[in-house]
Amino acid sequence: MELVDLQEKMFFFTLVLYLAGAVLPLTVRRGGRLPLTMGCCLGAAAGLSGLTLGVAGLFSPEPFTLSLGYILPGVELSVYLDRLAGFFLATICLVTALASFYSLGYMGIYPKRSTAWWAFCYNLFSLSMCLVVMVDNMVAFLICWELMTLASYFLVTFEYRHQQVRRAGFAYIVMTHLGTVFIMSAFFLASGGGGWSFADLAGGAGSLSGTARSLVFLCALIGFGTKAGVVPLHIWLPSAHPAAPSNVSAVMSGVMLKTAIYGLMRLVIDILGGGPAWWGGLVLAAGVVSAVLGVVYALMEHDLKRLLAFHSVENIGIILMGLGAGMIFYAWSMPVPGAIAIAAGLFHVINHAVFKSLLFLGAGSIYYATGTRDIEQLGGLIKRMPQTAVLFLTGAISISAIPPFNGFASEYQIYQSLLALSLAKVSVFWSMAGVLACAALALTGALAAACFVKAFGVSFLALPRSEKAAKATEPPLAMRAGMIPLAVLCLVLGVFPQVVLNPLAGVAGQLMPGPQISLPALFNPGLALLLAAVLASLAVLSRLSGGLRARRAETWGCGMAPDATMEYTAASYSQPVRRIYRSLLQPRREVIREYRLWPYFNYSIYFEERIRSVFNEFLYVPLRRFTVSVSQRWRCIQCGNINLYLGYIFVTLVVLLFYVR
Amino acid sequence: MTGSVLSAGGQMVFLMLLAPLVNGVIKKAKALTQCRRGPGVLQPYFDILKFLRRDPVVSVHTSWVTQLTPLVCLGAYLAAGSLIPLWGSQGVALGDLIALIYLFALARFFLALAALEPGSAFGGMGSSREMMITSLVEPVLVLGLFGLVLAAGSTDLGVLAGAGRNPAGVLAFIGLMIVTVAETGRIPVDNPDTHLELTMVHEAMLLEYAGRQLGFLHWAAMIKQLVLLVLLVHLFWPQPTGIPVAAALGLLAAKVTALGLVLAMIESVLAKMRLFRLPELMAGGASFCLLAVLANSLLK
């Protein structure tokens, strides 16, 4: 009783703080920095309070429920915080709180007048994400989902004066609404006219036919997949993330995509109770395709935030690989490996939230310091922004799945789950599928490492490639302070994965009742200790043999004085991979040389290489043409004559009267 | 716990001491097949000692990444090597096959970064090519190794001892041998003996290193080669149990040297391949590994 009381208070406290954080900055007139400070501090406080509530929900055996009254006749707005919701709530609040803190410094680059509007949208956005995972009613869920989409739309179009930003915002809102159509269809198909609450849906799901259930699943996969950025529904991500301010991208990529994962799990695993093995197989296949294509496209990008956006596609793919494996195990009635696979997928959810928001915030710091996101213009930042460099490198190592950081810890669990799929020996098909998915995951990891060597190496190492990069300085303390906890978490979650994995096994156990799951002992702490010990003893050895004593000299430049133009660029770094995957990427290059006397003595070369977006050309452009041509045909019924419209209303009325008679 | 720490530590010292010898033997064998006299088999020890005595010259554009990388490389390969149970069981498992693969990735990540740091085009070229080759090699490596995991039922390196001793193992061995050639930077993938800019991958990344740091990196590369060979021996040609440690070590050294001679033979009879022909070579390796996976899933 005590705990429930406390949780209720925490819930209202969080709600009020978020609402205050949204509304109060708007009421301040000409406050200078005051609206921003208010918005950020209240947002951070609300985030911390929500984090406590989420952690309590994750660990408490009994779900926390709270009724807030009826919003529509028959539609009760109530909060239901079970372990699954608690986990997602904690992840969301952790990232939004730290991003609020970071924004205190970062929003300084925008005009002060606009920050109140930003604070309003941002806090409303954070609140709506929290509510999405907490409500237990499909109507309320859809309302919160829509609120989340709208708030994030206004955040994406924050710099609406640029046409590019408006276009990105448009692509975002169109794609997510297309997704929402599928989500609504999925919910309505699942409800079949019964109650609106999730409990009612779950009760009625048993009586649905197999085809109807599969239809619900497919609609949910498409709808939530659009929000999550599953290939080929990902096209809004790489344009929306660079358009939004970096702190917003961090939250959108770090946690908003995860609400789609939550929705998929809630609807497909919790409400429908899983399905045949091909459902899981489809999720696994979607995951593999997203992971591999996401990282290949990421490697081609030179805009730091577009690059990170494609990595979100990749990581959503990795999460889906874990969930897909779990769903296959449930279909085979093997709850123990199923729970481990689901826990692995969820573990990657929090890990991706931590390292991806760290990287986006790092990209924001670079933008803050240099005014550019193009890594071809950067270089040498490790000397000018040493602390940001360490923080960004931590994120880069984590996302490349390198031990002892957290990306490795969760990808390790996903490897084990995929191997368990093979080792279950259900059929040759699934044995092969498991090992092939492992190979795809290895490919993804190797390409991600290549991509982050490129991203970190080109932007932070060697010589600055532009004046802007040469003049960069370390950004304000608040920005670094927002990133440090994330970097520490990258290491802590990598060294002690049990801290999160054990409760996550509990979450999976709640979704699919089975025997009590005890995870096998993990070696991660030992491995980290081993690495630390070896490195320490080698450092001592190297110190004994002369240590850092070294002569400094200029890099060898074949007899010429080296300068920034001799460095490898991002484009040249990714060229070998671009050439290998040229059938997919279809690069087109244009080279214009100018020379004197002899073609070997160039004095200027213009080089441009573009890759074709296969999905845009073969999927979206034909789809758009089709939609436009169909709409053109139908336009004739909209002639603007009021008598005709009155006629339509009359006909509709008559038809309806006949229908209800 | 103390026992396993001592055992892991001893294993690392063993790897550090044996690695130059194996490299020397391979070099000698290559020289003999090419009708040269070649340096003595102990030459790599002298080279390392010479490097370790010299202070490095580092580029003015570098930072702590360049300083740290030699230690990280050496440390990661040693840690990876200590995971393979060479003398019976280890007590506390500090990692498994997947950890071993990813410790290699740790070393590679830092080396590729350090190659970019001096700002020379050669380092960038080597770094970019290395990461490209890795993206081809890694899936094949995982396919080959996980095919054996299917046979053994676990990723635990102790359980995996001798996992390749079945008909499907022959296929996996061929696939993994191709991977080993690529990972050790040998012909036809890379050439360890030249700094010629058209062919170099691994050597290009070390180009700006000198003195003590270069010695560490060369040593690390030799240890990486040895760890891969030891892993192959462990999987396909396991050590007998219950023999004295000294005998086990001698036997292991003999087996590893035998495998090294195979590498030397491959290097002597083949020509360097064009960089963009590598996908074909790796596709070949992948097919062998895939057949091994198929055979293992059909057999059980």
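FYI, it's all coordinate maths here, none of it is from the lab. This one's a predicted model, so the numbers in the text were calculated from it and none came from an experiment. Cβ placement follows ideal geometry from the backbone for every residue including glycine, while neighbour counts extend to all protein chains displayed.
Taking 20 Å as the cut-off, the amide N atoms of region B:157-201 that come nearer than this to a point 7 Å along the Cα-to-beta-carbon line of B:L299 belong to B:157-179. Largest first and in whole Å, the equivalent-ellipsoid semi-axes of region A:278-514 read 36, 18, 12, each the square root of five times a Cα gyration tensor eigenvalue. Within region A:618-660, the percentage of alpha carbon pairs spaced more than 15 angstrom apart rounds to 62%. Per-residue mean of foreign Cβ neighbours for B:2-13 is 1 (Cβ atoms of other chains, 10 Å radius). The alpha-carbon atoms of chain B, seen along their principal axes, cover 57, 46, 41 angstrom, with the largest extent given first. For the peptides A:107-116, A:32-41, A:335-344, A:262-271, residues were scored by their other Cβ atoms within 10 Å and the scores averaged per peptide; the highest-first order is A:335-344, A:262-271, A:32-41, A:107-116.
Counting Cβ atoms of other protein chains within 10 Å of each residue's Cβ and taking the mean over peptide A:571-580 gives 5. Across region A:572-611, the mean sequence separation of Cα contacts (distance under 8 Å, 6 or more residues apart), normalised by length, yields a relative contact order of 37 percent. Taking a Cβ cut-off of under 12 Å around B:M282, the surrounding Lys, Arg, Asp and Glu residues balance to a net charge of -2, with basic ones at +1 and acidic ones at -1. Computed over chain B, relative contact order equals 29 percent, with contacts defined as Cα pairs under 8 Å that lie 6+ residues apart.
Computed packing ranks the peptides B:218-226, A:568-576, B:185-193 as B:218-226, A:568-576, B:185-193, most packed first, by mean other Cβ atoms within 10 Å. A viscosity of 1.306 mPa s and a temperature of 10 °C, combined with the Kirkwood radius over C-alpha pairs in the Stokes-Einstein formula, give region B:220-261 a diffusion coefficient of 150 µm²/s.
Using the alpha carbons alone, the radius of gyration of region A:50-176 stands to its Kirkwood radius in an Rg to Rh ratio of 1.04. Each residue of region A:381-391 is assigned a 3J(HN,Hα), and the resulting list reads 5, 5, 7, 8, 10, x, 6, 4, 4, 5, 5 Hz, derived from the Karplus form 6.51 cos²θ - 1.76 cosθ + 1.60 (θ = phi - 60°), x at Gly and Pro.
Computed from Cα atoms, the angle from the helix A:477-495 axis to the main principal axis of chain A rounds to 80 degrees.
Averaged over the residues of peptide A:373-384, the number of Cβ atoms from other protein chains lying within 10 Å of each residue's Cβ is 1. Other residues lying with their Cβ under 15 Å from the Cβ of A:S398 contribute a combined charge of -1, Lys and Arg counting +1, Asp and Glu -1.
With the simple spin-label model, which puts each label point 7 Å out from Cα in the Cβ direction, the A:V614 to A:F429 separation comes to 2.4 nm.
Contact order for chain A, expressed relative to its length and based on alpha carbon pairs under 8 Å spaced 6+ residues apart, stands at 11 percent. Between region A:400-443 and region A:1-79, the C-alpha centres lie 39 angstrom from each other.
Under a model in which nothing but the beta-carbon of Lys, Arg (+1) and Asp, Glu (-1) is charged, chain B shows a dipole of about 700 debye around its Cα centre.
What separates the Cα centres of region A:86-117 and region A:119-144 is a distance of 16 Å. The phi torsions of region A:419-435, fed into the Karplus equation with coefficients 6.51, -1.76 and 1.60 and a -60° offset, translate into couplings of 5, 4, 4, 6, 6, 5, 6, 6, 7, 4, 4, 6, 4, 5, 4, x, 5 Hz, rounded to whole numbers, with Gly and Pro shown as x.
In a Gaussian network model over chain B where Cα atoms closer than 10 Å are linked, find which of B:G40, B:G260, B:G175 has the largest mean-square fluctuation. Top of the fluctuation ranking is B:G40. Translational diffusion of region A:572-611 was estimated from the Stokes-Einstein equation, with Rh taken as the Kirkwood radius over Cα pairs; at 4 °C and 1.567 mPa s the coefficient is 111 µm²/s.
Between the helical axis of A:642-660 and the longest alpha-carbon principal axis of chain A there is an angle of about 60 degrees. Measuring from centroid to centroid over Cα atoms, what is the spacing of region A:469-534 and region B:85-156 in Å? Using only Cα atoms, the two centres lie 21 Å from each other.
The angle between the Cα long axis of helix B:2-33 and the longest principal axis of the Cα atoms of chain B comes to about 70 degrees, rounded to the nearest 10. Across chain A, the convex hull enclosing all Cα atoms gives 217 Å³ per residue. The H on the amide N of A:L77, modeled in the peptide plane, is under 5 Å from the matching H of A:L68, A:G69, A:Y70, A:I71, each at least 5 residues off or on a different chain.
Couplings for region A:318-327, taken from phi via the Karplus curve 6.51 cos²θ - 1.76 cosθ + 1.60 with θ = phi - 60°, read 5, 4, 5, 4, x, 5, x, 4, x, 5 Hz in order; Gly and Pro are left as x.
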